[in-house]
Amino acid sequence: MLHTVNKSVFERNSLQSCLNTIDDSSVILLIEDGVISAAKNTKSSLLADLAAEGRVFALQGDVEARGISSKVADNIKLVDYEGFVDLVVEHGTAVSWV
Amino acid sequence: MSTKKFMYLNRKAPYGTVYALESLEVVLIAAAFEQDVSLAFIDDGVYQIVEGQNTDGIGMKNFSKTFHALGDYDINQLYVSAESLEERGLSADDLMPLIYEDEDDDWAEKPSVKIVSNAELSKLMSDQDVCLSF
Amino acid sequence: MKISIQINEGPYQHQASDTAYQFAKAAIAKGHEIFRVFFYHDGVDNATRFTVPPQDDRHIVNNWASLDIKNAEGEPELVVCIAAALRRGLVDDSEAQKNGIEGNNIHPAFRISGLGQLIEAGIQSDRLVVFGD
């Protein structure tokens with residue numbers, strides 16, 4: 001499955017709720033304000049393990065728009081919108097944590 | 001038409017925003033399509049099916065009663081996150097007693113609501129073909 | 001692959017419609033089919049033809065229209081939920097007439113239809129992606 005999270009970890013619990021129910025093979029794509037959770041910050045440990053497994057992606061345009069390109073945490077992979085489409089195609093059912 | 005597994009993911013409380021009401025409207029329509037329908041209530045979504053809602057004081061329609069009709073539409077898989085209930089100081093007793101009649105068991109009345117752990121929710125979600133979030 | 005999209009938010013207030021548009025454009029560029037885009041909740045406001053953004057801003061309604069998403073019969077597959085639309089003051093000719101309202105405000109690239117269209121999109125498509133708040 002592909003889980004998309006579009007809110008900052010500092011604003012809502014959607015990332016935490018996603019992490020509570022994600023299975024072992026699913027991936028997370030951070031979009032819109034969700035990319036704030038991709039930056040190195042006091043909450044980075046939440047995603048560190050999944051990122052190390054190559055299962056965390058962030059939408060590049062949203063990262064750049066928010067001026068945090070240089071702060072993206074280790075192992076989080078940036079994708080463009082075509083990459084977003086590829087993730088949807090490759091990972092089956094999409095779950096949006098809106 | 002083929003049968004797919006549809007999950008309706010409800011994470012927002014009723015009344016403060018329209019998502020809960022309009023999600024329920026989709027679910028009622030979905031019943032006509034004879035798909036495998038389940039509803040998940042996670043986070044503040046659990047408040048959608050709390051017993052004793054009274055909207056007299058806010059001038060809005062109390063749509064919680066509509067959940068009682070779901071059983072008649074063969075929608076009887078309502079999964080509630082145990083962790084979300086616990087975090088909010090709620091338990092099974094605080095939820096509406098939603099039931100359905102099981103046609104495979106001499107129309108016995110059975111509960112539609114199942115309280116599940118995050119691990120069980122994870123497994124249920126992994127089985128879905130379509131997940132509609134509200 | 002056949003992909004459908006559900007949009008829960010109106011234009012400009014939230015990024016949801018912008019992200020969905022960029023996603024749809026990329027999907028089409030990669031040779032996928034956008035089977036249907038379903039506008040629900042405040043998402044119905046993406047379909048008003050009365051939208052006039054400042055000249056230096058993107059025109060979200062026209063962006064959607066420019067994707068020219070239609071079915072084999074030539075009908076638009078930018079579908080606006082009728083119940084959500086009527087609640088929020090968005091009507092086509094037929095609904096205006098039924099409700100005694102003069103004029104209509106739906107952009108011709110969109111059409112108004114029932115919630116069943118969302119379920120059908122889920123059944124017919126290989127993927128359904130939701131964009132919201």
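The values are calculated or read from the model by the stated rules, or taken from the named source; none is laboratory data. It should be emphasised that the depicted structure is a prediction, and the values quoted were computed from it without experimental measurement. We place every Cβ from the backbone using ideal geometry, glycine too, and count neighbours over all the protein chains shown.
Of the residues making up region B:45-81, those that are farther than 19 Å from residue B:25 by Cβ and surrounded by fewer than 19 Cβ atoms within 10 Å (Cβ to Cβ) number 8. For region C:41-51, the count of residues that are in a strand (DSSP E or B) and polar (S, T, N, Q) is at least one.
Filtered by the rule that a residue be crowded, with 22+ Cβ neighbours inside 10 Å and either more than 14 Å from residue A:89 (Cβ to Cβ) or polar (S, T, N, Q) (or both), region C:11-23 gives C:11, C:16, C:17, C:19, C:20, C:21. Hey, does region B:37-59 have a residue that's farther than 15 Å from residue A:20 by Cβ, in contact with a helix residue (DSSP H, G or I) (Cβ under 6 Å, 6 or more places away or on another chain) and either part of a strand (DSSP E or B) or free of Cβ contacts under 8 Å to residues at least 12 places away in the same chain (or both)? Yes: region B:37-59 contains one or more residues that are farther than 15 Å from residue A:20 by Cβ, in contact with a helix residue (DSSP H, G or I) (Cβ under 6 Å, 6 or more places away or on another chain) and either part of a strand (DSSP E or B) or free of Cβ contacts under 8 Å to residues at least 12 places away in the same chain (or both). Residues in region B:87-134 that are surrounded by fewer than 18 Cβ atoms within 10 Å (Cβ to Cβ), in contact with a Leu (Cβ under 9 Å, 6 or more places away or on another chain) and of a type in the set (Ser, Thr, Tyr): B:91 alone. The single condition among (1) more than 14 Å from chain A (Cβ to nearest Cβ); (2) surrounded by 20 or more Cβ atoms within 10 Å (Cβ to Cβ) that residue C:43 does not meet is (1).
Within region C:113-132, none of the residues are in contact with a strand residue (DSSP E or B) (Cβ under 8 Å, 6 or more places away or on another chain), among the aromatic types (Phe, Trp, Tyr) and free of Cβ contacts under 8 Å to residues at least 60 places away in the same chain.
Condition first: farther than 24 Å from residue C:125 by Cα, surrounded by fewer than 18 Cβ atoms within 10 Å (Cβ to Cβ) and at pLDDT 95 or above. Can you find one or more residues in region A:82-97 that meet it? No, region A:82-97 has no match at all. Of the residues C:126, C:133, only one is surrounded by fewer than 18 Cβ atoms within 10 Å (Cβ to Cβ) and within 14 Å of chain A (Cβ to nearest Cβ); which? It is C:126.
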